[in-house]
């Protein structure tokens, strides 16, 4: 086959057909039984992982507008593609320790009732996969500041991650009430 004999459209259509033919088994490979996928991150001295489907997106920290009359862990609101999103310092909310801004500081955007909320974290490690064996060796989370949002801690490689439920966090009454 020579490129001169086919139009660019025909060539692209052929590439698409070939690509789709080879992609047919991809979902089974991605959704392997016994695997749980999450996003790893750090808040303060603790490392966490939350289900990948609980985090809508990761962002660099944009400019923040303070909101008067709120608790210190609500840093303000950010304009995220035309939507005002409240920004919560996760380390300060959980541990009372303010997150120090650096080039690694990121926002985790999480859906909550009525919109989104962004959680400021010290750094994001990226995707982490936890298999059934790792989950079977999980330790119970003993820290009372975390146990209402997290059940277990798992070892992934050399690191210990607390499995933090974003759904439990954003539904907590004290998280939803940021007025001072």
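Each value in this text was obtained by applying a stated rule to the coordinates, not by laboratory testing. Keep in mind it's a predicted model, so treat the numbers as computed, not measured. Cβ placement follows ideal geometry from the backbone for every residue including glycine, while neighbour counts extend to all protein chains displayed.
Only helical runs count toward this figure. For the chain, summing -39,500 (n - 2.57) over DSSP H runs of n ≥ 4 and dividing by all residues gives -5500 deg cm²/dmol at 222 nm. Return the label of the correct value of Cα Rg over 2.2 N^0.38 Å, as calculated from the structure shown, out of (1) 0.94; (2) 1.02; (3) 1.32. Read-out taken from this structure: (3). The label point for residue 16 and the one for residue 71, both projected 7 Å from the Cα toward the Cβ, are 5.1 nm apart.
The long axis of helix 8-22 is offset from the longest Cα principal axis of the chain by roughly 70 degrees.
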